[in-house]
Amino acid sequence: MRLRLSARVRDEIHAHGVRGYPHEVCGALLGREVSGDGAGELRDVTAVFALENRREQEAQHNRFSVTPQDVMRAERAARESGLDLLGWYHTHPDHPARPSEFDREHAWPWYSYVILSMAAREPGDMTSWRLADDRSAYSAESIEVEGNEAEK
Ligand SMILES: [Zn+2]
């Protein structure tokens, strides 16, 4: 399982994290699944959809969750761009880019969950995770930025 981000997508996630710091921010990952390249499943993320105006939730650190309304808005944004909704990103202000227990419990199978660690407004490590269909495991997937070496 691999996730490929365009440099622009990476920059947009960084910028959103900076804008929201010290609060947690989140958004959707839009793009396409690429198959048949012989190197396992690859997801190509070419756009993001920032979920803004979530003050109540942003007031709580490490309490990222996606509401049914978020899914509807993100699906609509994807459709309008001719892309698919592939997953979600959120930031961990002043915490490592590791899923919290809450993240794992509230994850849905199939989607990619990108976590960006932010320290003092500076974007840090970025990781991505996927929940097994039977919820037995929440596994890291590699992230590549537009032809660069995998970051994690
Ligand atoms: Zn989290």
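The values are calculated or read from the model by the stated rules, or taken from the named source; none is laboratory data. The model shown is predicted, which means the values in this text are computed figures rather than measured ones. Virtual Cβ from ideal backbone geometry, glycine too; neighbours counted across all protein chains shown. Accessible surface areas use protein heavy atoms only, side chains included; no ligands, DNA or RNA. Shrake-Rupley method; radii C 1.70, N 1.55, O 1.52, S 1.80 Å.
Structural remarks
- Computed per residue of the chain from DSSP H runs no shorter than four, each worth -39500 (n - 2.57), the mean residue ellipticity at 222 nm is -7000 deg cm²/dmol.
- The chain: angle of helix 7-20 to the longest principal axis, Cα-based, in degrees nearest 10: 10 degrees
- Protection proxy ranking for 66-78, 10-22, using the average of other Cβ atoms within 10 Å per residue and placing the highest first: 10-22, 66-78.
- Mean shadow area of segment 84-152 over all directions, Cα convex hull, nm²: 5.2 nm²
- What a 1.4 Å probe finds exposed on the chain is 48% carbon and sulfur by accessible area, rounded to a whole percent.
- Rg and Dmax [Cα atoms of the chain; Å; Rg one decimal, Dmax integer]: 14.3, 44
- Loop chymotrypsin sites (Phe, Trp or Tyr not before Pro), segment 108-142, which have at most 14 other Cβ atoms in a 10 Å radius of their Cβ (DSSP): W110
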